[in-house]
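Right, one structure below, let's go through it.
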Amino acid sequence: MQFSYLSGLQFLDTRGDSSVRAALLFCLLIASSSDAKQPVVKQPVAPPDFAVVTYAVAEYFDSLPHYQAGDLISRSQIIGAIASVNDSGWDVPDADAIVELGLADNTFLVTRLSTSAGRKFMRKIAAHPGAYARLDRLSSISQGKTLVDDLIRQRGGDELVTYLATTKHGRQLGKQLAATRNGVDLNKPTGRIYTVDDLVAELKHIWDTM
């Protein structure tokens, strides 16, 4: 206030009319009270560098028992990773939509690859890009779940997934499966989040569009 409370009191001392003095004093009190209660405008907090986001995700998964790099991840784990990112200083937008891209914890592929035999199988195919997407699509066709169970249980079952993912003839076979009953093209991306790398890539995409 340019006309301060103190200067207002000095002005009041020069006035003889008590009613005028009372009115002016009331106005001064209201004005000084209003100034004291001015809201503080919070400046938006800048998100951390994306390296901090990547570290928060890695730190979360490193804390999980049995997890190894390249493992299939589930929705509950994606929720935990996003919470870790939020704690690092970035409130991830559309978090629910990101979570929906993961496989639910009770889905066929998650439950099968969570067993002892399933983990061994999973870690043999994890290095091949698109391996989880192919298994996911394979499990959706007629008798597909039985086939995936056989691949996990039998010695050398991982070699078929490697064949499908890494060879020309394997990709042709994956395409031909689209013609079977309830068939799908195994080579076609699903758009899902299967791994930590997939999750980080999705977060980076959102980060870059902010």
Exercise. How do Asp208, Asp149 rank when sorted from fewest to most other Cβ atoms within 10 Å of their own Cβ?
Worked result: Asp208, Asp149
Exercise. Is the shape of the range 119-201 best called rounded, prolate or oblate, per the rule: a/c under 1.5 gives rounded, else a/b larger than b/c gives prolate, else oblate, with a ≥ b ≥ c the square roots of the Cα gyration tensor eigenvalues?
Worked result: rounded
For this session: List every residue whose amide H lies under 5 Å from the amide H of Gly102, counting only residues 5 or more places away in sequence or on a different chain, with H placed 1.01 Å from N in the peptide plane.
Result: Ile193
Seminar exercise, completed: Note on the range 50-208: the mean projected area of its alpha-carbon convex hull, in nm², is 9.5 nm²
Seminar exercise, completed: Protection proxy (average C-beta count within 10 Å per residue), highest first, orders 157-168, 176-187 as 157-168, 176-187
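Any read-out appearing in this document is the output of simple, stated calculations on the displayed coordinates, not a laboratory observation. The model shown is predicted, which means the values in this text are computed figures rather than measured ones. Methodologically, a virtual Cβ is constructed for each residue, glycine included, from the backbone with ideal geometry; neighbour enumeration extends over all protein chains shown.
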